[in-house]
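Structure record follows, encoded as structure tokens.
FYI, it's all coordinate maths here, none of it is from the lab. As the structure is a prediction and not an experimental result, all values here were calculated from the model. Here Cβ is always computed from backbone atoms with ideal geometry, including for glycine, and neighbour counts include all displayed protein chains.
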Amino acid sequence: MVGESRPDRYKWIALSNTTFATLLATIDGSITLIALPEIFRGIKLDPLDPASSFYLLWMILGFLVVVAVLVLSLGGWAISTGASGCTTSASSSTPSRRSCSRSTG
């Protein structure tokens with residue numbers, strides 16, 4: 001790692017972050033699927049009853065919509081607040097532009 005150039009290092013950091021996020025999303029989805037029978041018992045529905053399949057779909061899709069909205073919202077917030085060394089400039093005639101500078105020291 002000592003002899004690696006900076007672009008290669010950033011590629012590995014991006015790969016590890018993406019892999020870790022995918023692992024967490026998979027674990028989260030598994031936990032939700034495992035918990036569904038208990039959720040159904042809590043709202044007094046039989047998860048194996050064909051008439052309850054409508055509720056099952058709504059629970060799964062509702063969970064996915066909430067997760068997608070949170071990921072997009074928090075990702076946008078993280079980009080706007082977490083990028084050090086970046087500035088955003090906008091004028092009334094042009095859309096906002098973002099310029100970032102990285103120190104190589």
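A compact table of results
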quantity	calculated
Against the rule of thumb 2.2 N^0.38 Å, how large the Cα Rg of segment 6-75 comes out	1.55
Farthest positive-ward along segment 6-75 dipole, Cα basis, beta-carbon charges - from 61, 73, 36	73
Karplus-derived 3J(HN,Hα), 6.51/-1.76/1.60, for each residue of segment 13-22, Hz, glycine and proline x	5, 5, 5, 5, 5, 5, 5, 5, 5, 5
